[in-house]
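Structure first, then comments.
The numbers here are math on the coordinates, done by the rules we state, and not lab data. Since this is a predicted model, take the numbers as computed values, not measurements. For neighbour counting, all protein chains shown are included, and Cβ atoms are generated from backbone atoms with ideal geometry for every residue, glycine included.
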Amino acid sequence: MKKILSDSLTLYFFKNFPRTFQKSNKRFQVTLGIGGNIGDTCRIFEKLLVLFQRSKFVDLVATAPILKNPPFGYKDQNDFFNSIIIVRTNLYPKSFLGYILRVEKRFKRKRPFKDAPRSLDLDIIFFDNFSMKTQDLTLPHPKWSERQSVVIPLRYLYGIKNF
């Protein structure tokens, strides 16, 4: 099922997007932005969920619908598919960042230049109530509130469905 929000924005609903998963006793709740525009992105998202379900580092909590939206920054590329995944983890922020960077590599993420096309992009939007700014990690994610690719799936997750 899909819901057309505008000429450039479409929300897709699949079996696992949106979905609520099991409760978790892990210490920290993390809101991840996921995205991609190389290959079969929706299938990649499904494979990501399988990887997370098998991981000892995270428990899946919830997913949002998938938003198809135009690229920003470098615009000469395919539209992106984006969603939000909420997980719980016992890892601290920097260790968790290392974990998701390894996950991106597993899905053949390349970084030839800023805002380049990618098979899978994982961004930490919120990490529990942490606030920090280092060379490698800023929490919450800078400018998250200005990106439709984050705000629209988040609004859906939190029950604000009028777009």
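Could you tell me which of the pairs LYS26/LYS143; LYS3/LYS56; LYS15/LYS114; LYS15/LYS110 are separated by over 30 angstrom between their Cα atoms in the structure shown? Display every interim value, and only then the final one.
Numbers: LYS26/LYS143 27 Å; LYS3/LYS56 35 Å; LYS15/LYS114 32 Å; LYS15/LYS110 28 Å.
Going by Cα-Cα distance, LYS3/LYS56; LYS15/LYS114 fall outside the 30 Å limit.
Using Cα pairs closer than 8 Å and at least 6 residues apart in sequence, work out the relative contact order for the chain, in percent.
Relative contact order of the chain: 28 percent.
Starting at the first residue of the range 12-24, write each ³J(HN,Hα) from the Karplus equation 6.51 cos²θ - 1.76 cosθ + 1.60 with θ = phi - 60°, in whole Hz, x for Gly and Pro.
Per residue, the Karplus-derived 3J(HN,Hα) values read 10, 10, 10, 3, 9, 9, x, 7, 10, 10, 5, 6, 9 Hz.
Can you give the three extents of the C-alpha atoms in the range 2-157 along their principal axes, from longest to shortest, in whole Å?
Answer, in whole Å and largest first: 41, 35, 28 Å.
For the range 135-146, in order, what is each residue's ³J(HN,Hα) by Karplus, 6.51 cos²θ - 1.76 cosθ + 1.60 with θ = phi - 60°, in whole Hz (x at glycine and Pro)?
Residue by residue, the range 135-146 yields 4, 9, 8, 10, 10, x, 4, x, 6, 4, 6, 9 Hz.
Under the rule of -39500 (n - 2.57) per DSSP H run of 4 or more residues, summed and divided by the residues of the chain, what mean residue ellipticity at 222 nm is obtained, to the nearest 500 deg cm²/dmol?
-7500 deg cm²/dmol
What order do you get for ARG102, ARG155 when you list them from fewest to most C-beta neighbours inside 10 Å?
Ascending Cβ contact count within 10 Å gives the list ARG102, ARG155.
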